[in-house]
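Here the structure is laid out as structure tokens; the discussion comes afterwards.
The values are calculated or read from the model by the stated rules, or taken from the named source; none is laboratory data. All values reported here derive from a predicted model rather than from experimental measurement. Note that each Cβ is placed from the backbone with ideal geometry, even for glycine, and that neighbours are counted across all protein chains shown.
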Amino acid sequence: GESVGLHLPTLSVQEGDNSIINCAYSNSASDYFIWYKQESGKGPQFIIDIRSNMDKRQGQRVTVLLNKTVKHLSLQIAATQPGDSAVYFCAENIGTGNQFYFGTGTSLTVIP
Amino acid sequence: DAGVTQSPTHLIKTRGQQVTLRCSPISGHKSVSWYQQVLGQGPQFIFQYYEKEERGRGNFPDRFSARQFPNYSSELNVNALLLGDSALYLCASSSIGGYPEKLFFGSGTQLSVL
């Protein structure tokens with residue numbers, strides 16, 4: 001079956017450093033991926049997405065890398081700020097409408 | 001512009017009761033999806049509706065049902081509540097339903113079953 005997993009459940013970084021959050025997926029048919037940020041008491045907030053025909057996509061301070069060979073996804077956050085502290089989820093879609101599979105999440109803590 | 005709105009924000013029920021959760025999508029969005037998020041885990045897909053028709057169903061028992069109205073709002077119903085149904089129920093909307101696209105989530109309804 002499909003599974004989305006994260007390598008590290010928690011991550012602590014110094015303010016101003018870059019953060020890298022990793023995600024492994026098991027379904028080679030997955031063709032669309034989204035990174036979400038979830039703060040306490042709130043719903044997941046869209047950060048960035050990438051389709052399987054791309055290897056890299058950049059947004060404002062964030063970059064997503066997709067390695068289809070090893071079924072690995074990463075989220076890079078540049079110059080991490082205290083407001084980036086949250087739980088980050090990767091979600092995969094295997095092309096069946098808008099049904100996404102979410103991983104357990106990585107808790108990012110930014111140390112001032 | 002208003003985002004996805006959900007009501008109520010919190011709800012306490014007892015085992016065996018029934019609950020109805022409501023969701024209004026972003027204006028112009030025609031697809032609504034429901035997810036269950038248990039504490040410490042990622043959201044798990046329950047249903048997707050598009051143009052009032054069910055387009056997908058996750059691995060949940062028949063106690064869970066949903067519907068979408070002509071104005072694209074949606075309700076999630078859960079019958080015969082169990083303790084294990086305690087979770088954050090998230091609604092997400094997207095503009096179309098037949099092609100994978102970004103989902104925009106509401107803040108959720110926190111359901112506690114006692």
Just name the residue that is farthest from the other protein chains (Cβ to nearest Cβ) out of those in the range B:38-53 that are touching a Ser or Thr at 6+ places or on another chain (Cβ under 9 Å), farther than 19 Å from B:Val113 by Cβ and without any contact (Cβ under 8 Å) to a residue 40 or more places away in the chain. B:Phe47
Step by step: first the residues of the range B:54-64, then only those that are in contact (Cβ under 8 Å) with a residue 12 or more places away in the chain and more than 11 Å from chain A (Cβ to nearest Cβ), then the one that is surrounded by the most Cβ atoms within 10 Å (Cβ to Cβ). Which residue is that? B:Phe64
Does A:Gln45 meet the test of being of a type outside the set (D, E, K, R) and modelled with pLDDT under 95? no
A:Thr63 vs (1) in contact with a Leu (Cβ under 8 Å, 6 or more places away or on another chain); (2) surrounded by fewer than 20 Cβ atoms within 10 Å (Cβ to Cβ); (3) within 11 Å of another protein chain (Cβ to nearest Cβ): all pass except (3)
Please go through the range B:23-45 and give me each residue that is surrounded by 15 or more Cβ atoms within 10 Å (Cβ to Cβ) and either part of a strand (DSSP E or B) or out of contact with any Phe, Trp or Tyr (no Cβ under 9 Å at 6 or more places or on another chain) (or both), ordered by number. B:Cys23, B:Ser24, B:Ser31, B:Val32, B:Ser33, B:Trp34, B:Tyr35, B:Gln36, B:Gln37, B:Gln44, B:Phe45
Filter the range A:72-88 for residues that are under 12 Å from A:Ile111 (Cα atoms) and in contact with a strand residue (DSSP E or B) (Cβ under 6 Å, 6 or more places away or on another chain); which is surrounded by the fewest Cβ atoms within 10 Å (Cβ to Cβ)? A:Pro82
Taking the range A:83-111 as the search range and keeping residues that are more than 11 Å from the chain's Cα centre (by Cα) and hydrophobic (A, V, I, L, M, F, W, C), which one is nearest to A:Tyr36 (Cα to Cα)? A:Ala86
Could you list, in sequence order, all residues of the range A:17-53 that are within 14 Å of another protein chain (Cβ to nearest Cβ) and in a loop (DSSP other than H, G, I, E, B)? A:Asn27, A:Ala29, A:Ser30, A:Asp31, A:Glu39, A:Ser40, A:Gly41, A:Lys42, A:Gly43, A:Pro44, A:Ser52, A:Asn53
Are any residues in the range B:80-95 surrounded by 14 or more Cβ atoms within 10 Å (Cβ to Cβ) and not in a helix (DSSP H, G or I), and if so, which ones? B:Leu81, B:Ser86, B:Ala87, B:Leu88, B:Tyr89, B:Leu90, B:Cys91, B:Ala92, B:Ser93, B:Ser94, B:Ser95
Output for the range A:27-44, where each listed residue is under 15 Å from the mean Cα position of the chain (by Cα) and surrounded by fewer than 15 Cβ atoms within 10 Å (Cβ to Cβ): A:Glu39
What's the number of the condition B:Leu81 fails, among (1) more than 15 Å from B:Gln6 (Cβ to Cβ); (2) in contact with a Phe, Trp or Tyr (Cβ under 7 Å, 6 or more places away or on another chain)? (2)
Residues of the range A:66-88 being within 14 Å of chain B (Cβ to nearest Cβ) and touching a residue at least 60 places away in the same chain (Cβ under 8 Å), in sequence order, are A:Tyr88
Scanning the range B:84-113 for residues that are closer than 18 Å to B:Ser65 by Cα and hydrophobic (A, V, I, L, M, F, W, C), the one farthest from the other protein chains (Cβ to nearest Cβ) turns out to be B:Val113
